[in-house]
Amino acid sequence: EGIIQIHNVTKTYRNGSEALVDLNLEIQKGDFLFVTGPSGSGKSTLLKLLYGEEKPNPGQGEVIVDGAPMHRLKGDRLALLRRRLGIVFQDYKLLPRRTVEENIAFVLQAQGYTKTEITRRMPSALKVVGLQHKATCFPSQLSGGEQQRVSIARAIVSTPPILLADEPTGNLDPDNSRQILAILRKLNEAGMTIVVTSHDEAFIRSANRPMVQIRNGQILSGPE
Ligand code: ADP
Ligand code: ADP
């Protein structure tokens, strides 16, 4: 059984936009999967369903993530489940008035980790992304690539089994994109299941990883 299962999901937004149409996808534990397709094809909606930000239309599909029915969960139960996911966004979403280590600690504090545990986890999270020397910098003092590395550290500091990244290299040049990819590979080799969306098919091909192509809310090909 896949750690992520999407069964017959249709998602229509309130304005009538059909973002996903009867979509099926199964992802196994330890997979590193790319989801690609042009802008507007439904990639972001697919990830939002996985972290529970959006739901399928009522009665139109199931989304099971790490055993949990994300299509049904709300409120506290959804919040609890989300802690088992690391999420990375194109625009980093760092808190501008907090330092790198404060940004990373913030997620752990919100999850009720003790100060001792936070202090214990911080160095390894910074090391994974190569930013030990920037711990006390503010986001505005970092390059885009570095900011995205901070957001990855924040996503993985609680060692979630699954990492979801929505266009993580969308704002980055090829060099920084390759660095991000190398970090994701390392996390995957350590056992994390990773799903990454990107509209940059050339970049994904260069990564040489299984890929699913989406067009108009349906799977055109893959995983292959
Ligand atoms: P992608 O991530 O591939 O660019 P999205 O999942 O963002 O695609 O969008 C899929 C379709 O759903 C598009 O037609 C988009 O305009 C529409 N859409 C996305 N989010 C919303 C929303 N919040 N409200 C209405 N339509 C939306
Ligand atoms: P919100 O109420 O906006 O969800 P949170 O307290 O959950 O706020 O999160 C604060 C910031 O940390 C937000 O910018 C959010 O995007 C980010 N964040 C929360 N959880 C995660 C996670 N698991 N991975 C990456 N970023 C996260």
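Tabulated data
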{"read-out": "Among (1) buried (at least 20 other Cβ atoms within 10 Å of the Cβ); (2) within 12 Å of Asp166 (Cβ to Cβ); (3) of a type outside the set (Gly, Ala, Ser), the one test that Glu53 misses", "value": "(1)"}
{"read-out": "Selection from region 11-50 of residues that are open to solvent by 40 Å² or more (accessible area, probe 1.4 Å), over 18 Å from Ser221 (Cβ atoms), of a type in the set (D, E, K, R) and more than 16 Å from ligand 2 (Cβ to nearest atom)", "value": "Arg14, Glu18, Lys29"}
{"read-out": "Residues of region 193-206 that turn out to be surrounded by fewer than 20 Cβ atoms within 10 Å (Cβ to Cβ), in contact (Cβ under 8 Å) with a residue 40 or more places away in the chain and of a type outside the set (D, E, K, R), as a count", "value": "1"}
{"read-out": "Conditions (1) part of a helix (DSSP H, G or I); (2) open to solvent by 20 Å² or more (accessible area, probe 1.4 Å); (3) modelled with pLDDT of 95 or more: number failed by Arg178", "value": "(3)"}
{"read-out": "Single match in Ile152, Ile214 (criterion: among the β-branched types (Val, Ile, Thr), modelled with pLDDT of 95 or more and over 19 Å from Ile6 (Cβ atoms))", "value": "Ile152"}
{"read-out": "Only listed residue being in contact with a Lys or Arg (Cβ under 6 Å, 6 or more places away or on another chain) and at pLDDT 95 or above, chosen from Val100, Val107, Val63, Val128", "value": "Val100"}
{"read-out": "Set Glu54, Glu62: member being in contact with a Ser or Thr (Cβ under 9 Å, 6 or more places away or on another chain) and touching a residue at least 40 places away in the same chain (Cβ under 8 Å)", "value": "Glu54"}
{"read-out": "Scope region 7-37; condition in a strand (DSSP E or B) and acidic (Asp, Glu); matching residues", "value": "Glu18, Asp22, Glu26"}
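The values are calculated or read from the model by the stated rules, or taken from the named source; none is laboratory data. Note that the coordinates shown come from a computational prediction; the quantities given were computed from them, not determined experimentally. Reconstructed Cβ throughout: ideal geometry from the backbone, glycine too, with neighbour counts over all protein chains shown. Each accessible area value is taken on the protein alone, full model and side chains, heavy atoms only, with ligands, DNA and RNA left out. Shrake-Rupley method; radii C 1.70, N 1.55, O 1.52, S 1.80 Å.
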